[in-house]
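Below you will find the structure I want to go over with you.
The values are calculated or read from the model by the stated rules, or taken from the named source; none is laboratory data. All values derive from a computational prediction rather than experimental measurement. Here the Cβ positions follow ideal geometry from the backbone for every residue, glycine too, while neighbour counts run over all protein chains shown. Remember, those area values only see protein heavy atoms, side chains included, never the ligands or the DNA or RNA. Shrake-Rupley method; radii C 1.70, N 1.55, O 1.52, S 1.80 Å.
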Amino acid sequence: MRLTILQPSYLPWLGFFEQMDRSDKFVLFDDVQFTRRDWRNRNRVRVQQGSVWLTVPVIQQSRQSLMETKIDNSTSWKRKHLETFRLHYSKAPFFDLYFPWCEKVFNREWTFLLDLSLETIHYLKGQLGIDTPMLRSSELGAVGEKTQKLISICKELGATQYLSGEAGRNYISEQEFSDQGIELEYQEYQHPEYPQLYPGFVPFLSVIDLLFNCGDQSLAILKQRT
């Protein structure tokens with residue numbers, strides 16, 4: 001059984017969902033420390049000049065977990081995100097299919113960043129047609145730090161393979177996985193190109209860009225391995 005464990009992000013990129021699709025089970029690593037200037041509360045979308053960040057402002061503390069991180073609703077971030085979609089994707093082939101969900105999301109009041117991220121992940125997963133079961137690490141009995149916690153989750157769920165993103169090479173102890181009899185593999189994602197509204201392809205955007213442009217062909221494109 002192949003398992004992936006990833007921290008939840010706001011409007012995740014293609015590679016996040018490619019890992020999910022390749023896994024038998026997918027765990028959202030939600031009981032970790034919130035990291036600043038990371039993908040937890042922001043992602044990029046396409047504009048005529050290239051790309052822009054859509055950032056969810058959060059209330060900063062000296063040290064806080066992802067589950068504790070609250071959104072700073074003193075700014076008009078929801079209106080900015082919604083208007084960015086409307087301005088730059090209104091002529092996309094599948095804009096009318098997905099924009100009503102965007103309006104629904106940004107017309108709601110959100111207190112915690114994690115709740116907003118879970119909403120976007122669940123929706124995008126469903127629209128892509130990915131049926132991999134999804135769990136949260138906070139609901140499991142995993143113990144330990146870093147590699148040991150990943151291994152603990154793998155053992156609790158009966159995983160024999162662990163699919164890590166490329167960044168895992170910087171912190172995962174491969175020997176510890178080997179000692180536990182768990183096969184470790186890295187994603188090595190090869191980003192596909194697909195039609196975008198503006199000239200010149202820009203990779204590594206939120207998967208919402210793919211959906212606006214390619215609709216029900218998005219999963220097939222996301223899974224392309226050249």
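Take each of the peptides 154-163, 204-213, 78-87, 15-24, average the number of other beta-carbon atoms within 10 Å over its residues, and list them starting from the highest.
Averaged packing, sorted descending, gives the order 204-213, 15-24, 154-163, 78-87.
Now for a separate question. Per the helix-only calculation at 222 nm, which mean residue ellipticity applies to the chain, given -39500 (n - 2.57) for every DSSP H run of n ≥ 4 and division by its residues, nearest 500 deg cm²/dmol?
Computed ellipticity for the chain at 222 nm equals -10500 deg cm²/dmol.
Something else: Taking only the Cα atoms of region 1-65, how large is their convex hull per residue, in Å³?
Measuring per residue, one finds 85 Å³ for the Cα hull of region 1-65.
Quick check for you: with a 1.4 Å probe and neighbouring chains kept, what is the accessible area per residue of the chain, in Å²?
49 Å²
Could you list, in their original order, any pairs among LYS91/LYS223; LYS80/LYS104; LYS25/LYS146; LYS25/LYS104 whose Cα atoms are separated by more than 18 Å?
Distance filter (> 18 Å) returns LYS91/LYS223; LYS25/LYS146; LYS25/LYS104.
Now for a separate question. Assuming R0 = 25 Å, what is the FRET efficiency of LYS223 and GLU183, from their Cβ-Cβ distance, to the nearest 0.05? Present the calculation step by step, with values, prior to reporting the outcome.
On the way: r = 21 Å, r/R0 = 0.85.
Efficiency, rounded to the nearest 0.05: 0.75.
Give, in nm to one decimal, the length gained when the segment between ASN107 and THR75 is fully stretched (0.36 nm per residue of separation minus the Cα-Cα distance).
10.1 nm
Over the heavy atoms of GLU174, what accessible area does a 1.4 Å probe trace out, to the nearest 10 Å²?
100 Å²
Got a number for the accessible area of TYR189? Probe 1.4 Å, square angstrom, nearest 10.
40 Å²
So what J values fall out for region 35-52 if you push phi through Karplus, 6.51 cos²θ - 1.76 cosθ + 1.60 with θ = phi - 60°, rounded to Hz, Gly and Pro as x?
Whole-Hz 3J(HN,Hα) from phi for region 35-52: 10, 7, 6, 10, 8, 4, 10, 7, 7, 10, 10, 7, 9, 4, 7, x, 8, 9.
Mind jotting down the distance between the C-alpha centroids of region 110-186 and region 188-226, whole Å?
After rounding, the separation between the Cα centres reads 24 Å.
A further question follows. Within the accessible area of the chain, what % is carbon and sulfur when the probe is 1.4 Å and the other protein chains stay in place?
46 percent
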